[in-house]
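Enquirer: Please see the structure below; I have some questions.
Taken together, the values in this text are just the output of simple stated rules run on the coordinates, not laboratory data. Just so it is clear, the model here is predicted, and its values are computed rather than measured. Positions of Cβ are generated from backbone atoms using ideal geometry, with glycine treated the same way; all protein chains shown enter the neighbour counts.
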Amino acid sequence: MKHILAILVENKPGALTRISGLFSRRGFNIENIAVGETVTPGIARMTITVESSEKVIEQVVKQLHKLINVIKVSNLSNEPSVTRELMLIKVRAETGSRSDIQQIVETFRGKVVDVSPDSMIIEVTGNDDKLEAIKLLLNHFGIKEIVRTGKVALLRGSKVTREA
Amino acid sequence: MIMAALEKEGVELVFGFPGGAVLPLYDALYDAPLKHLLFRHEQAAVHAADGYARVTGKPGVVFATSGPGATNLVTGIANAYMDSVPLVLITGQVASPFIGTDAFQEADITGITLPITKHNYLVKSAEDLPGILAEAFYIASTGRRGPVLIDIPKDVFDQEAYFNYNKECHIPGYNPTYTGHAGQISRAVKAIRDAHRPVIFGGGGLIRSGASSALRQLAEEAQIPVILTLMGLGAYPGDGELFLGMPGMHGCVTANYALTEADLIIAAGVRFDDRVTGKLETFAQNAKIIHIDIDPAEIGKNVLIDIPIVGDVRQVLEELLRKLKPGNTAKWLKQIKTWQNKYPIPTGVTGPDSALKPQFVIRELSRLSDDNTLVATDVGQHQMWCAQHFNVRKPCSFLTSGGLGTMGYGFPAAIGARLAAPESRVICITGDGSFQMNIQELATVVNNRFDMTIALINNGYLGMVRQWQDIFFNKRYSHTALEGSPDFVKVAEAYGARAIRAVNDKEATAAVEEAFATKGPVLIDFIVEPEENVYPMVAPNRPINEIITGGEY
């Protein structure tokens with residue numbers, strides 16, 4: 001099963017290495033990872049997606065807690081949450097296919113952010129299913145390059161993941 | 001500034017080895033009231049600090065230089081990490097502008113030690129130093145203990161900063177749990193009351209938290225037999241009425257049978273290591289398990305737990321004692337007596353012409369020792385014989401590399417023990433393989449005239465590996481014969497130590513008596529049966545009640 005962990009961590013040198021090192025050392029697999037600042041200065045939030053069993057994820061969370069720089073770990077998969085990921089796709093776009101591509105992009109509420117004589121860059125945000133779906137459709141035109149941010153997630157409702 | 005911080009932390013003694021990047025540190029040490037013990041190899045300095053920390057309970061402090069000085073610490077740090085020993089290690093680093101340029105004697109020691117330290121720091125500015133030092137001591141010596149490394153660039157040593165040292169530190173992500181959950185403790189009390197075949201299964205956590213007397217009280221009041229892992233030896237007296245011995249791969253038959261047959265296991269400060277549990281699927285299938293540990297990550301890591309209690313083992317046991325309702329274990333204890341009589345620890349088969357038995361040597365060392373004895377062992381067959389035959393009477397008196405299994409640990413650890421407890425007798429029990437991994441420290445013990453008996457169990461082999469080759473690889477002794485070893489008596493004498501050789505029982509006894517009566521370091525070279533095996537034995541990943549007895553029963 002896929003688990004999405006939100007990790008609040010002191011923004012100190014090496015904190016990211018400690019966390020990623022822990023995953024590889026103990027044989028846990030990171031599917032994707034996103035890091036950024038929070039509202040509290042000096043505290044960063046990492047969102048890590050892990051594919052693992054219940055038993056393993058429990059051990060992952062406990063081991064993360066042991067790291068001195070880690071302040072809080074919550075498993076967002078246990079509760080309703082909003083998950084998003086941003087993807088940029090550079091797709092082959094000859095003059096004849098541009099309007100078709102445009103239509104697909106609109107359907108997925110994406111944006112064309114760059115156009116060149118033979119290609120376009122498309123920005124699209126969503127969950128896994130949506131990103132996979134547009135990828136499949138654009139594949140038809142020829143995808144030249146893809147980059148993804150990794151998932152970020154927040155709990156639904158007024159509940160928050162906070163350091164204290 | 002570092003000296004002042006160490007003084008504030010009550011550090012009296014530092015273990016180390018100087019070098020280029022720590023010149024300013026050693027210069028400050030020159031006038032400081034601290035004692036420093038110089039070793040011949042950094043690895044030995046860490047092991048000695050580790051031995052010192054195990055005996056005193058205080059963090060051992062180590063100084064080493066950048067690059068090779070720091071990398072030589074690695075084995076010692078990993079060893080301390082696996083056995084949860086508090087250490088504070090201060091390494092020099094090349095000057096800040098040179099970091100990342102592959103400068104002379106540069107090594108990324110914080111990167112290298114990331115997975116084997118509880119935490120580590122690279123100091124960017126002297127301003128940060130007081131806070132980091134205070135945190136390092138706090139982290140090393142609280143919660144589940146462990147080594148903390150501080151890497152200091154050479155230019156930072158030379159900076160001046162305001163020294164504001166506050167021992168009390170608040171770290172947002174670090175808040176160990178000491179008190180057990182009351183509801184879980186009540187469940188444990190009930191489980192103990194209802195159990196017919198309970199055992200206490202204790203480990204290193206008992207020693208680190210000072211839980212021996214609580215353990216003893218629990219065992220005696222509820223009449224529950226006690227099994228101790230290698231790391232737990234001494235937490236209950238080795239000759240105590242309810243003691244069953246060590247479990248696992250080279251454990252006592254009775255301890256393994258008791259774990260297998262038990263209906264309740266009170267696991268205290270143990271981590272269910274593979275050497276203890278054998279095949280996990282068959283481990284203690286009949287038992288409900290209470291697991292008390294300060295590290296929540298240990299609970300449920302290897303074995304499913306029925307009653308988890310996160311907390312300091314001593315505090316939890318004391319709380320348990322306040323509510324204790326003993327069950328009836330008389331029938332169970334009778335069953336255990338039967339096993340004990342049937343399966344004593346084998347002492348080795350002897351004949352009229354047989355060579356000196358290593359088991360006999362350990363038994364003599366034990367018999368001639370008093371309660372005030374500290375034993376440090378190395379790793380291998382002799383280590384297991386010590387665990388089986390040496391009567392460990394008190395906590396913190398048996399020092400051994402349990403988790404990492406580091407050959408070369410014993411001799412320097414004995415040096416640390418020597419300094420930690422000036423009134424105690426110190427014995428280093430080692431093998432001819434292990435001893436050669438840190439033999440250079442003979443210089444350190446001779447130079448400081450340390451009273452110490454080095455009992456060298458010399459069988460001419462890397463005995464434990466040879467034993468596995470004997471049993472599992474059809475006696476194909478690939479590279480386990482230690483040909484070319486020196487005459488250890490001559491080596492010790494060359495360093496200036498007294499040395500005795502013993503080849504039979506009579507000489508062995510006389511040598512031990514003489515060594516114990518002699519001031520200064522004495523090495524005894526016990527030439528023992530070369531192909532003696534350690535029994536009982538359980539093959540790796542087999543059920544622990546499937547025991548190879550080596551024809552002794």
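Enquirer: Which semi-axes, in whole Å and largest first, does the equivalent ellipsoid of region B:358-527 have when worked out from the alpha carbon gyration tensor as the square roots of 5 times its eigenvalues?
Expert: Over the Cα atoms of region B:358-527, the semi-axes work out to 24, 18, 16 Å.
Enquirer: For region A:82-152, what is the charge dipole size about the Cα centre, in debye to the nearest 20, if Lys and Arg each add +1 at the Cβ and Asp and Glu each add -1 at the Cβ?
Expert: Roughly 140 debye for region A:82-152.
Enquirer: If you average 1/r across every pair of different Cα atoms in region A:82-152 and take the reciprocal, what Kirkwood value do you get, in Å?
Expert: 12.0
Enquirer: Quick check: Cα centre of region A:1-80 to Cα centre of region B:510-531, how many Å?
Expert: Distance between centres, Cα-based: 54 Å.
Enquirer: Using a simple spin-label model with points 7 Å from Cα along the Cα→Cβ vector, what separation in nm is obtained for B:LEU280 and A:THR38?
Expert: For B:LEU280 paired with A:THR38, the spin-label model returns 3.2 nm.
Enquirer: Let me ask another. If each residue's Cβ is checked for other Cβ atoms within 10 Å, how do B:CYS252, B:CYS396 rank with the fewest at the top?
Expert: B:CYS396, B:CYS252
Enquirer: If neighbour count is taken as other Cβ atoms inside 10 Å, put A:MET1, B:MET1, B:MET452 in order from fewest to most.
Expert: A:MET1, B:MET1, B:MET452
Enquirer: Would you mind pulling out the separation of the Cα centroids of region B:167-226 and region B:315-394, in Å?
Expert: Going from one Cα centre to the other spans 22 Å.
Enquirer: So, one more: Pull up all non-local amide H partners of B:VAL426: gap of 5 or more, or a different chain, and H-to-H distance under 5 Å with H placed in the peptide plane.
Expert: Excluding prolines and chain starts, which carry no amide H, the hits are B:LEU374, B:THR453.
Enquirer: Scan around B:LEU122 for amide H atoms under 5 Å from its own, H built in the peptide plane at 1.01 Å from N, and keep only partners 5 or more places away or cross-chain.
Expert: Amide H to amide H, under 5 Å and 5 or more residues apart or across chains, B:LEU122 pairs with B:ASP151.
Enquirer: Taking the Cα centre of region B:341-474 as origin, sum charge times position over the Cβ atoms of Lys and Arg (+1) and Asp and Glu (-1), and report the length of that vector in debye to the nearest 20.
Expert: 260
Enquirer: Setting aside same-chain residues fewer than 8 positions from B:LYS167, which aspartates and glutamates have a Cα under 13 Å from its Cα?
Expert: Partners found: B:GLU7, B:GLU9, B:GLU135.
Enquirer: Between B:SER125 and B:LEU38, what FRET efficiency comes out of the Förster formula 1/(1 + (r/R0)^6) with R0 = 25 Å and r the beta carbon distance, rounded to 0.05?
Expert: With R0 = 25 Å, the Cβ-Cβ based efficiency is 0.25.
Enquirer: Moving to a separate point now. Quick one: Cα centre-to-centre distance for region B:73-119 and region A:88-164, in angstrom?
Expert: Between the Cα centres of region B:73-119 and region A:88-164 lies a distance of 44 Å.
Enquirer: Which parts of region B:494-515 would a label at B:ALA443 reach, counting a residue when its backbone N lies under 17 Å from a point 7 Å out along Cα-to-Cβ?
Expert: From region B:494-515, the list is B:494-497.
Enquirer: May I ask what percent, to the nearest 5, of DSSP beta bridges between residues of the protein assembly as shown are antiparallel?
Expert: Counting DSSP beta bridges with both partners in the protein assembly as shown, the antiparallel share is about 40 percent.
Enquirer: Just check chain B against the gyration tensor rule for me: Cα atoms, a ≥ b ≥ c as the square roots of the eigenvalues, rounded for a/c under 1.5, and otherwise prolate or oblate depending on whether a/b exceeds b/c.
Expert: oblate
Enquirer: Take each of the peptides B:409-415, B:383-389, A:45-51, average the number of other beta-carbon atoms within 10 Å over its residues, and list them starting from the highest.
Expert: Answer by packing, highest mean first, reads B:409-415, B:383-389, A:45-51.
Enquirer: Give the Kirkwood hydrodynamic radius (Å, one decimal) of the protein assembly as shown, defined as one over the mean of 1/r across all pairs of different Cα atoms.
Expert: Mean inverse Cα-Cα distance, inverted, gives 28.2 Å.
Enquirer: Let me ask you something else. Just in region B:471-537: which trypsin sites (Lys or Arg not before Pro) are loop by DSSP and have at most 13 other Cβ atoms within 10 Å?
Expert: In loop regions of region B:471-537 (DSSP not H, G, I, E or B), the sparsely surrounded trypsin sites (Lys or Arg not before Pro) are B:LYS475, B:ARG476, B:LYS519.
Enquirer: How many Cβ atoms of partner chains, on average, are near each residue of A:19-25 if near means within 10 Å of its Cβ?
Expert: That works out to 1 on average.
Enquirer: With each pseudo-label sitting 7 Å past Cα toward Cβ, what's the B:GLN223-B:LEU304 distance in nm, one decimal?
Expert: 3.2
Enquirer: To continue, here is another question. How large is ³J(HN,Hα), in whole Hz, for each residue of region B:133-149 in order, when computed from phi with the Karplus curve 6.51 cos²θ - 1.76 cosθ + 1.60 and θ = phi - 60°, using x for Gly and Pro?
Expert: For region B:133-149, the Karplus-derived couplings read 4, 5, 4, 4, 5, 5, 5, 4, 9, 10, x, 6, 4, x, x, 10, 10 Hz, x marking Gly and Pro.
Enquirer: On to the next question. Pairs of alpha-carbon atoms within less than 8 angstrom and 6+ residues apart define the contacts here; what relative contact order does chain B have, in percent?
Expert: Normalised by residue count, the contact order of chain B is 14 percent.
Enquirer: Quick one: 3J(HN,Hα) in Hz for region A:29-39, Karplus 6.51/-1.76/1.60 with θ = phi - 60°, rounded, Gly and Pro as x.
Expert: Here the 3J(HN,Hα) series is 9, 8, 8, 7, 8, 9, 10, x, 6, 10, 5 Hz.
Enquirer: Another question, then. Once the Cβ-Cβ distance between B:GLU493 and B:ILE471 is put in as r, and R0 is 45 Å, what FRET efficiency do you end up with, to the nearest 0.05?
Expert: Here the calculated transfer efficiency is 0.75.
Enquirer: Then there's this: Could you give the spread of the C-alpha atoms of region B:22-167 along their three principal axes, from largest to smallest, in whole angstroms?
Expert: Over region B:22-167, Cα extents along the principal axes are 38, 33, 28 Å.
Enquirer: Give the long-range amide H neighbours of B:ALA499: residues separated by 5 or more places, or on another chain, with amide H under 5 Å away, using H modelled in the peptide plane at 1.01 Å from N.
Expert: Those qualifying (amide H under 5 Å, at least 5 residues apart or on another chain) are B:LEU523.
Enquirer: Separate question: In debye to the nearest 20, how big a dipole does chain B give about its Cα centre with +1 on each Lys and Arg Cβ and -1 on each Asp and Glu Cβ?
Expert: Dipole about the Cα centre, nearest 20: 1780 debye.
Enquirer: Work out the mean other chain Cβ neighbour count within 10 Å for the residues of A:61-70 and drop it here as an integer.
Expert: 6
Enquirer: Taking each residue in B:167-174, count the Cβ atoms of any other chain within 10 Å of its Cβ, then average. What number comes out?
Expert: Rounded to a whole number, the mean comes out at 5.
Enquirer: Per-residue HN-Hα couplings for region B:229-234, Karplus 6.51 cos²θ - 1.76 cosθ + 1.60 at θ = phi - 60°, whole Hz, x for Gly and Pro?
Expert: Working through the residues one at a time gives 6, 3, 6, x, 4, x Hz.
Enquirer: Right, here's the next one. Give me the number: length gained by fully extending B:ASP239 to B:THR338, i.e. 0.36 nm times residue separation minus the C-alpha to C-alpha distance, one decimal in nm.
Expert: 33.9 nm
Enquirer: So, one more: Can you pull the one-decimal nm distance between simple spin-label points at B:ASP505 and B:ALA330, each 7 Å off the Cα toward Cβ?
Expert: Roughly 4.1 nm, to one decimal.
Enquirer: Please provide three numbers in whole Å: the alpha-carbon extents of region B:127-169 along the principal axes, with the largest listed first.
Expert: Dimensions of region B:127-169 along the principal axes of its Cα atoms: 34, 20, 8 Å.
Enquirer: Go ahead and run the numbers for FRET between A:GLU31 and B:ASP263, Cβ-Cβ distance against an R0 of 35 Å, rounding to 0.05.
Expert: 0.25
Enquirer: Counting DSSP beta bridges in chain B, what percent are antiparallel, to the nearest 5?
Expert: Bridges in chain B are about 5 percent antiparallel.
Enquirer: When the convex hull of the C-alpha atoms of region A:1-113 is computed, what volume per residue in Å³ does it have?
Expert: 157
Enquirer: A follow-up question, please. Would you please put B:172-180, B:56-64, B:158-166, A:36-44 in order of how densely packed they are, using the mean number of other Cβ atoms within 10 angstrom per residue and starting with the highest?
Expert: Top to bottom by mean Cβ count within 10 Å: B:56-64, B:172-180, A:36-44, B:158-166.
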